[in-house]
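Novice: Here's a structure for you.
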Amino acid sequence: MDNVKRRHHLIVRITHWVNAIALLVMIGSGLRIFNAYPAFARRGEAFCCYPFAGHKIPAWLTFGGWLAGSRAWHFAMMWVLVINGLVYLGFVYLHGEWRDLVPRRGIVRDAIDMVKFYVAARRDHPRQGKHNALQRLTYFSLPFIAVASVLSGLAIWKPVQLAPLTWLLGGFVWARYWHFLAMTTLVAVSFVHVFMVFAVDPYSLRAMVTGRYDEAKSPERRNARPFVNLRAPAPPASPPESKGSP
């Protein structure tokens, strides 16, 4: 039990799960809104950067039932995500946990080493702290992606009232496209995050529920890459007791 330490504060755990639920609703409702007009160019015009114009997103990936319902869910979750994100950022700043997220010197070299390890071009797991280099880069980039999503969302929500913002993003069509790209990036990051949890460090899932993590089961200690060495190493056997002389 000496290896079991507290990893995630209660506020971090709550905001993590609130964010996961709100993000799922936001993505599903946003895709349903997109299906109302599954293209970016205005009617009769062409758009350079989306080859799937006119093809709707499969209904099972959407949420909200109909356009009005999806918009209501989307706007409601928008405020949940913004408030939840501000609570999280404020906490990690005041609590000092930002130090575990900000990239350090040599982060690019360390990230390359992690990639080499994951593709079996390196035998031993690179040294890491709470998060490895790839995780640091990912978690550090998320607030910037979120800001891009919020600003582009505001630009297409209030294109007249926020005309300067909409203009800055290239107009309504491009603002809508940037919003779609931000959403796609969040989906990709979330998918990779969930995949890596189950494929490399399933023990971290329990830590996000209970807050406690067994360092003996960390990927570094297990030398774990995707779906390899998922089980924690067995503790060393105790040496047999020697019998004394009669």
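The values are calculated or read from the model by the stated rules, or taken from the named source; none is laboratory data. Given the structure is predicted, the values throughout are model-derived calculations rather than measurements. Cβ atoms come from the backbone with ideal geometry, glycine included; neighbour counts cover every protein chain shown. We work out accessible area using only protein heavy atoms, side chains counted, and drop any ligands, DNA or RNA first. Shrake-Rupley method; radii C 1.70, N 1.55, O 1.52, S 1.80 Å.
Novice: Whole number please: convex hull volume per residue, Cα atoms of the stretch 60-114, in Å³.
Specialist: Working: hull volume 7.0 nm³, N = 55.
Cα convex hull per residue, to the nearest whole number: 128 Å³.
Novice: Sticking with this one: Amide H to amide H, which residues 5 or more places from A41 or on other chains are under 5 Å from it, using H placed in the peptide plane?
Specialist: F47
Novice: Let me ask something else. Rounded to a whole number, what % of the accessible area of the stretch 99-196 do carbon and sulfur atoms account for, probe 1.4 Å? Walk me through the numbers on the way to the answer.
Specialist: Values: 4200 of 6010 Å².
Exposed carbon and sulfur together represent 70 percent of the surface.
Novice: A further question follows. Give me the 1.4 Å probe accessible area per residue for the chain, excluding ligands and nucleic acids, in Å². Please report the intermediate quantities before stating the final value.
Specialist: Numbers: 15980 Å² over 246 residues.
Spelled out: the 1.4 Å probe surface of the chain, per residue, equals 65 Å².
Novice: Related question: Could you tell me the center-to-center distance, by alpha carbons, between the stretch 88-152 and the stretch 36-69 in angstrom?
Specialist: With the stretch 88-152 and the stretch 36-69 each reduced to a Cα centre, they are spaced 33 Å.
Novice: May I pose another question? What residue among N84, F52, I14 has its Cα farthest toward the positive end of the dipole of the stretch 10-102, where the charges are +1 on Lys, Arg and -1 on Asp, Glu, each on the Cβ?
Specialist: Checked the options; the winner is F52.
Novice: Send over the Kirkwood Rh of the chain, from the inverse of the averaged 1/r over different Cα pairs, rounded to one decimal Å. Don't skip to the answer; put the middle values down first.
Specialist: On the way: mean 1/r = 0.0477 Å⁻¹.
By the Kirkwood definition, the hydrodynamic radius is 21.0 Å.
Novice: How high is the relative contact order of the chain, given as a whole-number percent (alpha carbon pairs under 8 Å, six or more residues apart)?
Specialist: Taking the mean separation of contacting Cα pairs over the length of the chain, I get 23 percent.
Novice: Please give the helix 67-95 orientation as an angle from the longest Cα principal axis of the chain, in degrees from 0 to 90, rounded to the nearest 10.
Specialist: 40
Novice: Let me ask something else. Rounded to the nearest 10 degrees, what's the angle between the helix 133-157 long axis and the longest principal axis of the chain, both from Cα atoms, 0 to 90?
Specialist: 20
Novice: Determine the calculated [θ] at 222 nm for the chain from helices alone, applying -39500 (n - 2.57) to every DSSP H run no shorter than 4 residues and normalising by the residue count; nearest 500 deg cm²/dmol.
Specialist: Numbers: 8 runs with 138 residues, N = 246.
That comes out to -19000 deg cm²/dmol.
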